[in-house]
Amino acid sequence: MNGIGPVVPFRIDLSTLVRRSVASLYSHLVTRPTGQALRLGIESQICELGTPCVSVLDFSQVAVLDYSCADETVAKLILRFRKEDRPADAFFLARGVSEHHRDTLEAVLDRHGLLLVAEVEGEGRTLLGPVGDLERAAWEALEHRGSAAAAHLADDLTAPEPAISEALASLADHRVVLRRGSPETYYALTPLLAG
Amino acid sequence: MKVIPVPQTLEERTFDALVQALADAGAGRVLFDARRVRWVDPYGMVGLLAAGEVAAQGGDRPALQLPDSSEVLSYLSRMAFLDHADGIFELHGGGRRGRSGGASDVLLEITPIRSYDDIHVVVDRVNAHAITILTQQLQYPHREAFQFGAVLSEVCQNILEHAQAAGWVAAQTYSRTPRIERRVVKIGVVDLGIGFKGSLAASLAARHGERWSDVVALEAAFIHGLTRFHDPGRGQGLKQIRKQVGRWGGKVSIRSGTARIADVPEWDDVPPLQERLPFFPGAQIDIVLPARIGEEAADRSAVTRGRTPGRAV
């Protein structure tokens with residue numbers, strides 16, 4: 001139990017979904033219309049769940065990912081669920097990310113100032129996108145603990161608590177960690193996948 | 001009928017001569033005389049098709065005298081040039097020329113890009129073969145070779161999103177070219193659409209007033225990533241192409257209207273920016289990916305070692 005109420009792990013195989021989301025049987029994630037169809041398919045599946053979820057975007061079967069498709073699928077998906085009027089309470093985590101996906105994902109995330117938790121081949125779990133040193137350190141410390149208050153992470157990092165609070169708030173705003181309760185406790189996404 | 005000589009080596013560098021000859025020919029029926037052609041690349045082939053389309057806009061179907069060289073003719077056939085040329089030109093010569101016939105050494109035969117579905121077909125068709133060529137013949141790392149499909153997709157999307165017209169794409173590998181003594185992959189993409197100046201006019205022309213021109217439009221798109229769309233995610237496709245091709249020590253050039261802009265690697269000597277070229281509609285893109293030499297660093301960049309246009313918009 002994670003102690004924060006039900007957060008459902010939800011895996012989305014992008015290579016399979018793209019086949020269902022667009023008219024033809026495409027095996028690569030290329031072109032902007034494909035990305036739009038894919039995003040709408042993901043949104044629809046998340047909304048059908050009707051509960052907060054951590055959605056795993058699985059790239060392991062994706063051979064080609066172009067910038068336009070990544071912009072529509074990943075960047076616009078994250079932007080949509082960062083908004084106050086988001087259609088559901090969803091968080092995203094990328095899995096099966098290879099080096100050639102990473103370049104493209106970093107480019108679209110940088111362009112929009114977004115962050116994404118990703119499991120990158122040969123590197124493990126990391127944070128993609130434009131992130132400051134302190135934010136990254138706070139995120140890594142939280143991943144290690146699973147959940148923590150700002151004060152505990154400040155102790156772990158021997159950093160001032162206000163600075164760590166600010167870093168965690170920024171990570172929560174980017175929806176790469178969960179923030180719940182009062183006093184606030186922060187939760188890393190990946191342990192939530194275990195349910 | 002006026003005769004337009006097709007250059008002996010038909011590629012991006014000689015395309016302007018073909019365009020100038022077409023402009024000089026003026027109105028009336030023309031004959032493209034390709035008998036002396038000895039070497040042609042994807043850009044040259046799709047460029048010749050486009051020149052034929054432009055010539056046909058006057059109402060008279062142009063004629064094309066095919067190359068005398070059986071080797072060149074065979075190559076044109078394998079690249080499906082003859083299939084497409086048949087619909088544009090009245091073909092002459094070429095003896096017992098055959099139609100393109102299935103499997104061959106061709107990386108990507110001339111393919112029309114009319115819809116996003118065509119781009120999927122192109123990427124599906126070429127990706128596995130391209131990865132083999134890039135890794136085994138050009139010595140690119142496997143992880144980077146995967147980006148070829150993304151580059152091809154973005155360059156084709158450029159046709160649909162900015163030209164508002166159909167176009168053609170083709171790609172082939174060569175053991176050497178007139179410009180570089182290394183194995184290369186060449187990609188040629190041509191459309192006859194509204195060009196970069198037309199595409200960006202609504203959003204940028206007023207700001208530039210009398211300075212608004214093909215070269216300013218090319219700089220805006222190529223260097224600054226500007227686009228007619230208000231979406232901040234748009235306009236980045238060319239930037240990604242430049243970044244990836246630069247990593248491979250390659251060349252990207254775009255000709256549109258009366259100007260050409262290019263990232264020029266150290267092995268080439270064309271100017272990064274050319275103005276006052278003979279007018280040709282749409283946009284024509286040339287991409288050259290050379291084989292890596294020895295211990296070239298993975299992050300080697302033609303953009304930083306070579307020359308890139310840098311005038312501010």
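Suppose the filter is assigned to a helix (DSSP H, G or I) and not assigned by TED's automatic domain parsing to the domain that holds B:VAL288; does B:ASP68 pass it?
Answer is no for this residue.
Looking at B:GLN137, is it more than 10 Å from every other protein chain (Cβ to nearest Cβ) and surrounded by fewer than 16 Cβ atoms within 10 Å (Cβ to Cβ)?
Working: more than 10 Å from every other protein chain (Cβ to nearest Cβ): yes; surrounded by fewer than 16 Cβ atoms within 10 Å (Cβ to Cβ): yes.
Yes, satisfied.
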For B:ILE131, only one of the following conditions fails: (1) buried (at least 20 other Cβ atoms within 10 Å of the Cβ); (2) more than 11 Å from chain A (Cβ to nearest Cβ). What is its number? (2)
Provide a single number: the residues in the range B:3-14 that are in contact with a Leu (Cβ under 9 Å, 6 or more places away or on another chain) and either under 21 Å from B:TYR174 (Cβ atoms) or surrounded by 15 or more Cβ atoms within 10 Å (Cβ to Cβ) (or both). 5
Go through the residues of the range B:31-40 one by one and say whether even a single one is without any contact (Cβ under 8 Å) to a residue 24 or more places away in the chain and either surrounded by 22 or more Cβ atoms within 10 Å (Cβ to Cβ) or among the small types (Gly, Ala, Ser) (or both). no
In the range B:229-259, residues that are within 14 Å of chain A (Cβ to nearest Cβ) and either in contact with a strand residue (DSSP E or B) (Cβ under 9 Å, 6 or more places away or on another chain) or among the basic types (Lys, Arg) (or both) total 10
With out of contact with any Pro (no Cβ under 9 Å at 6 or more places or on another chain) and in a helix (DSSP H, G or I) as the only criterion, which of A:PRO162, A:PRO130 stands out? A:PRO162
Away from every other protein chain (no Cβ under 14 Å), of a type in the set (S, T, N, Q) and either under 12 Å from the mean Cα position of the chain (by Cα) or not in a helix (DSSP H, G or I) (or both) - does that describe any residue in the range A:48-65? yes
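Between A:ASP155, A:ASP85, which is part of a helix (DSSP H, G or I), surrounded by fewer than 21 Cβ atoms within 10 Å (Cβ to Cβ) and free of Cβ contacts under 8 Å to residues at least 12 places away in the same chain? Show your work before the answer.
Working: A:ASP85 fails: part of a helix (DSSP H, G or I).
Only one candidate qualifies: A:ASP155.
Per-residue answers, yes or no, for (1) of a type in the set (Phe, Trp, Tyr); (2) within 14 Å of chain A (Cβ to nearest Cβ); (3) within 17 Å of the chain's Cα centre (by Cα):
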position	(1), (2), (3)
B:PRO141	no, yes, no
B:VAL151	no, yes, yes
B:GLU154	no, yes, yes
B:GLU161	no, yes, yes
B:ALA165	no, no, yes
B:ALA171	no, no, yes
B:SER175	no, no, no
B:ARG179	no, no, yes
B:VAL190	no, no, yes
Considering only residues of the range A:98-122 that are under 17 Å from A:ASP58 (Cβ atoms) and of a type in the set (D, E, K, R), which is farthest from the other protein chains (Cβ to nearest Cβ)? A:GLU119
Here is a list of conditions, (1) surrounded by fewer than 24 Cβ atoms within 10 Å (Cβ to Cβ); (2) in contact (Cβ under 8 Å) with a residue 24 or more places away in the chain; (3) assigned to a helix (DSSP H, G or I), and A:ALA37 meets all of them except one; can you say which number that is? (2)
Checked against (1) in contact with a Lys or Arg (Cβ under 6 Å, 6 or more places away or on another chain); (2) farther than 16 Å from B:PRO278 by Cβ; (3) crowded, with 23+ Cβ neighbours inside 10 Å, B:VAL46 satisfies every condition except (1)
Of (1) touching a Ser or Thr at 6+ places or on another chain (Cβ under 8 Å); (2) hydrophobic (A, V, I, L, M, F, W, C); (3) within 14 Å of another protein chain (Cβ to nearest Cβ), A:ALA75 satisfies all except one. Which? (1)
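The values are calculated or read from the model by the stated rules, or taken from the named source; none is laboratory data. Every value quoted in this text rests on a predicted model; they were computed, and no experiment measured them. Note that each Cβ is placed from the backbone with ideal geometry, even for glycine, and that neighbours are counted across all protein chains shown.
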